[in-house]
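One structure is given below, encoded as C-alpha cells.
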Amino acid sequence: MYTVPKLTDHSPSALDAASRDLLSALESEATAVNGENEYKLFRDRWLARKDGIATQINEGWLKAAPKEGKRDIGQRVNELKKTIETVVEETLQRAKGGASASRLASECVDITLPGVRRPIGAEHPVIRTMNDSGTSSNVLVTSSSGVDRIASRLATASLVSIIAKVSTVSFAFSA
C-alpha cells in the first residue's frame, strides 16, 4: 500500500522522484482492480475528499512548500491530480467493460433461430373442449329454422347445456 511521503526537500529532483513513486503505485493498484467493488475501494483510496491520496498530496507537498516554490509545486500537484483522475476513470471503464462483456456472453441470443410463432386469433371454446376431451358423443345441432350445422363431437353433456343456454338451439342426439 502506498503512503504519501512527507517532503522535506522541495527541489524539482525530489518532486520527480516522489511523483514517479506515486505514479508507479497508482498503476500497480489500478491493474489489480478486477470488479466494481474493488474499483469503488480503489477510487475512494485515491480520490476521497478527506483521506484520499490526492488530498494528502495537496496537504503534504503543496501546503508544506516554501512560499517561493509553491507555484511550481502547485502545477506538479495539479498534473498529478489530473493523472490520478484519468487513471481512475480508465480503471472504471476496464472494470465495467469486463463485467458487461461477461454479462453479454451469458445473455447471448442466436438471432438466426426462428422465433416463437403466436397463432392469430383464438380457438372457439366449443372446438377447444372437443379437442381437449377424451370422451365424445355425436350431436346434431339445429336451430329453430332448420338444420344449420351437422354432427359435431362434444366433450361432455355440461358443454351441451351451456350452448343451449347461450342460443336458442335444439339438440338432437343421434345414436
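Each reported figure results from applying straightforward, stated rules to the coordinates on display, with no laboratory input. In this text the structure is predicted, and so the values were computed from the model without any measurement. Cβ atoms come from the backbone with ideal geometry, glycine included; neighbour counts cover every protein chain shown.
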query: Lysine pairs in the stretch 12-106 with alpha-carbon atoms under 22 Å apart, 8 or more places apart or on different chains: how many are there?
result: 14
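What percentage of all Cα-Cα pairs in the stretch 12-106 are separated by more than 18 Å?
Tail fraction, whole percent: 50.
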statement: Listed by chain and number, the aspartates and glutamates with an alpha carbon less than 16 angstrom from that of residue 6, same-chain partners under 8 positions apart left out, are 16, 21, 51, 59
query: Stretch residue 38-residue 96 to full length: gain in nm at 0.36 nm per residue minus the Cα-Cα span?
result: 19.7 nm
query: residue 124 to residue 11: extension gain in nm, 0.36 nm per residue of separation minus the Cα-Cα distance?
result: 31.6 nm
query: Separation between the residue 89 and residue 107 pseudo-spin-labels, each 7 Å from Cα along Cα→Cβ, expressed in nm?
result: 2.6
